[in-house]
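Data block below; observations after.
The values are calculated or read from the model by the stated rules, or taken from the named source; none is laboratory data. Just so we're clear, the structure is a prediction, and the values are computed from it rather than from any experiment. Please note: Cβ atoms are built from the backbone with ideal geometry, for glycine as well, and neighbour counts cover all protein chains shown.
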Amino acid sequence: MQEEIPSPQEYYTTFPLYQGIRLSEENTSAIRSLLSSTTAVDTFCPSCGEKSTFQFKQFICKPIYCKEGVERSFLYNMRFMGASIATPERKGIPSTVWVHGLWVSEFICSRQNDNDFSIHENRLDNHPLIISSWVSETSLMKIGQYPSIRDMEDSSYKRFRKVISTGDVREIGTALGLYAHGVGVGSYVYLRRVYERLILSLGAELAKEEGWENKAQQKFHSMRMDEKIERVLTKLPDDVEHYKPLYAFLSKGVHELSDEECLAYFEPVKDFLFMILDDLERAKARQESRKKITANLNKIVERHSGSRG
Ligand SMILES: [Zn+2]
């Protein structure tokens, strides 16, 4: 069970389900303000297919004490029920009890609202983000999320299908999924497999171009990751050297890394990989377009010289 309380941005987007956060006298008010948060969150909207801001809409459910003697209600919007709300302090109940119960918050994608002003606020299909949490006597747990964390991942990484294999694209998806569920070493291992295969294939290309002998290729294979990256620098984006500290991290054996370290490095390592893949994709598109121009040009030249002769 973790002690640290995530930010609303983290909790309402990527924080994993069923991971307990310890509840104590000291952090009750922090947990209460997290669950009562009405701050907008930024995340990928699967309905829009791009990043969006989700504005807080309402509490669908929230634990409330009523003066009418009902000990605890989980009703939404008590003012419609004609009940009056009491604070547990007034009843002499410990402050931790104040947050116990089921909390369900609803956020709405602001892109959807931007695009269609005619939408009635109670329509159900306006790209909602719904989070439910359960607070027991000892912990807070996120117990539901719609759309799922997996669906809310940005799937734009699939654009790399043009430059890496379907298997590699799938492994990037697995890495992102594991990271979203707080699995540090596991997510990093998947990312690193894609890296290694990419660097090896760039090495093979370079060997072909420069006519390396088998021995040199073998030497390349036995190099550390940072040395391999140095060797294939001409195949990588121009500014890749700015990211030298990452090469060293990539060279470490998985057994040398802690789960926390892998989680901390995941985003920069992923961005570094995506930067290289975007660059390769652009280079490939440039090459294809040149090939097409040359082919069309040759056709014209051939026709022209044919008509002359
Ligand atoms: Zn949306």
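So the check is Cβ under 7 Å with 6+ separation or different chains; which pairs have a first residue in segment 214-241 that's in the same structural domain as L277 (by TED's automatic domain parsing) and a second one that's outside any loop (DSSP other than H, G, I, E, B) and charged (D, E, K, R)?
Qualifying pairs under 7 Å: F220/K228; F220/R231; M223/R231; K235/E205; P237/D279.
Out of curiosity, is S289 farther than 20 Å from V163 by Cβ and of a type in the set (S, T, N, Q)?
On the way: farther than 20 Å from V163 by Cβ: no; of a type in the set (S, T, N, Q): yes.
When the stated conditions are applied, S289 does not pass them.
State the number of residues belonging to segment 151-182 that are touching a residue at least 60 places away in the same chain (Cβ under 8 Å) and outside any helix (DSSP H, G or I).
So the answer is 8.
Regarding V232, is this residue in contact with a Cys (Cβ under 9 Å, 6 or more places away or on another chain) and β-branched (V, I, T)?
No; evaluated as a whole, the condition is false for this residue.
Filter segment 186-207 for residues that are under 15 Å from L250 (Cα atoms) and in contact with a His (Cβ under 9 Å, 6 or more places away or on another chain) and give the result. Even if it seems obvious, please write down each step before you answer.
Looking only at segment 186-207, we keep the residues that are under 15 Å from L250 (Cα atoms), and these are 186-200.
S187, L200, listed by residue number.
Out of all the residues in segment 30-57, which are at pLDDT 90 or above and either away from the ligand (no atom under 16 Å from the Cβ) or among the small types (G, A, S) (or both)?
Scanning segment 30-57 gives A30, I31, R32, S33, L34, L35, S36, S37, T38, T39, A40, S52.
Would you mind listing the helices (runs of 4 or more DSSP H) fully within segment 192-309 where at least 2 residues are closer than 23 Å to G173 by Cβ? Give the steps one after another, and end with the answer.
Working: elements: 214-222, 225-231, 244-251, 259-308.
Result: 244-251, 259-308.
What single numbered condition from (1) out of contact with any Lys or Arg (no Cβ under 6 Å at 6 or more places or on another chain); (2) of a type outside the set (D, E, K, R); (3) assigned by TED's automatic domain parsing to the domain that holds G173 fails to hold for H304?
Among (1) out of contact with any Lys or Arg (no Cβ under 6 Å at 6 or more places or on another chain); (2) of a type outside the set (D, E, K, R); (3) assigned by TED's automatic domain parsing to the domain that holds G173, the lone unmet condition for H304 is (3).
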